[in-house]
Amino acid sequence: MKKTTETNVPQAALEGSMRDFRVISGDNLVERCDQFFNWQDTRRQSGTWPFSRATEQGPAASCAVRDDTGVLAEGVNFASQDYLSLSSHPAVHEAAQAAIRDFGVHSAGSPALVGNISTSIMLERRIADFLQMEEAILFPTGWAAGFGVIKGLVRSSDYIVMDALSHACLQTGAQASTRNVLLYRHNNLEHCRERLASIRAKDTENAIMLVTEGLFSMDSDTPDIEGLQELANEYNATLMVDVAHDFGNLGEDGSGHIGIQNMLGKVDLVMGSFSKTFGSNGGFVATNSRALKEYLRFYSPSCTFSNAMSPIQIATVSKALDIIQTQEGKQLREKLMMNVLSLREKIRERGMDVYGDPSAIVAVKTGDEGLARMTARLLPQVGLLANLVEFPAVQKGQARFRLQVMANHSEQEIEAAASRIDYAMNMAGHQLELVNKGEAAETPVALAS
């Protein structure tokens, strides 16, 4: 089955980036937002704005989504973050329903007041034990945990030394805490050492937080965690590792790269999110200091002044953790990795390439932003749901499609993802040539069967 699509995409839709509108001018806060909206709407009307979509039935391996104009598309879903497919697990659903009966639907308070329930405290203990840490504290979201651990601990005279590719919640927390923020080149221990040494050469009185991730979500790579902890010890800094994307789904026992690198219990601070593997919103910070935990409870603004995780979220995460720590969880991790390796191989067989090491994130190299946007325009039509990542989320000229793999993706869905992104990218290249020549033409687009 085929239909035709017009390639009359204006050049303005292929140019510019969201970085252009981060700082906007004008004396009216409302009206000056038009600058961004006009650019966004040019992309929207030309089909090159692939963001803000909503699923019709939740994040299934194949599903339907609507874009923000209401247009419906169906296809294999590699755009959702549900790595072990636990958000649809029957036992997780049953646990959430039981929590409603036992505790209601709402936490109704901050963790500093009466927002926690008995099972919240149990979950904190279990997270700490899983990471072989002394303590853990819950946050309402992973973003809140990443922002809050930095804002809660770092003061204006302190320093932050951070991997240049650290997540936005970490960078925002750093910017909100101190002007003394030094980025080091991605996963570069020597440059990190230079940053730490330059600080300690002039200041031995104030604190340093060293920040990295266990698995970087745009590049699917991991740092030398032991090497970073040794640097932190040498320069009297505190290492914080964000394990949002690997905790629960990588490693023999699901402990992620901290476990793979034999660093369980040895990292100063571990921060994570439940939204990638545990089927729920929520986050945590684990530490070997009860004093630090209590300080965060009352001085981390995203903990102190936000509602605690709901009973439904606590039950969902707790049941997901039950599964992760059983033989079923091990089998799900093995199935996930089989799917990951299969997808990476099928993509490379078609002459494309991917970033980083095997993980649930398979980032397909695209490069040119114009080509990436033209490809994103075609993907829903060929039956593939995938997320475009472009500047400034990644470097200019390094656009990519981040395919997020689930344990319950079938081999047929893996094959479909590889073949459809290959087809769309090749077709987009042809269409881009026409656009650059100022031409419009009807090009057949094969729909998914």
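Brief remarks follow.
- Just checking the listed ones, PHE298, PHE274, PHE36: in the Gaussian network model of the chain with Cα springs under 10 Å, the one fluctuating most is PHE36.
- Rel. contact order, % - alpha carbon contacts under 8 angstrom, at least six apart, region 89-324: 33
- Out-of-range pairs (alpha-carbon distance over 25 Å; input LYS151/LYS276; LYS151/LYS319; LYS266/LYS293; LYS346/LYS437; LYS151/LYS202): LYS151/LYS319; LYS346/LYS437
- Once the convex hull of all Cα atoms in region 89-324 is built, its volume per residue stands at 105 Å³.
- Relative to the Cα centre, the charge distribution of region 201-314, modelled as +1 at Lys and Arg Cβ and -1 at Asp and Glu Cβ, gives a dipole magnitude of about 600 debye.
- Calculated FRET value between GLN331 and THR55, using beta carbons and R₀ = 35 Å, to 0.05: 0.85
- Comparing mean-square fluctuations of LEU189, LEU343, LEU385 from a GNM of the chain with C-alpha springs under 10 Å, the top value falls on LEU189.
- Relative contact order (percent, whole number), the chain, Cα cutoff 8 Å, 6+ residue spacing: 24
- Dipole-positive endmost among ALA197, PHE147, LEU182 within region 89-324 (Cβ charges, Cα centre): PHE147
- Estimated FRET transfer efficiency when R0 is 45 angstrom, pair ASP129-LYS202 (beta carbons, to 0.05): 0.65
- This model, with +1 at the C-beta of Lys and Arg and -1 at the C-beta of Asp and Glu, gives the chain a dipole about its Cα centre of some 500 debye.
- Under a Gaussian network description of the chain, with springs only between Cα atoms under 10 Å, the residue in LEU153, LEU332, LEU138 that fluctuates furthest is LEU153.
- Over all directions, the projected convex hull of the C-alpha atoms in the chain averages 22.8 nm² in area.
- Applying 1/(1 + (r/R0)^6) with r as the Cβ-Cβ distance of ARG19 and ARG101 and R0 = 41 angstrom yields a FRET efficiency of 0.30.
- Unit charges on C-beta of K, R, D, E only; dipole of region 89-324, Debye: 760
- Gain on full stretching of the segment that runs from LEU72 to ALA12 - 0.36 nm per residue minus C-alpha separation: 19.1 nm
- Sites excluded, GluC sites (Glu not before Pro) in DSSP loops with at most 12 other C-beta within 10 Å, longest stretch of the chain: 253-438
- When shorter helices are ignored and each DSSP H run of at least 4 residues is given -39500 (n - 2.57), the per-residue value for the chain at 222 nm works out to -12500 deg cm²/dmol.
- Taking region 238-311 and dividing mean pair separation by its residue count, relative contact order in percent (alpha carbons under 8 Å, at least six apart): 24
Taken together, the values in this text are just the output of simple stated rules run on the coordinates, not laboratory data. Computed from a prediction, not measured in an experiment: that's the story for all the values here. Virtual Cβ from ideal backbone geometry, glycine too; neighbours counted across all protein chains shown.
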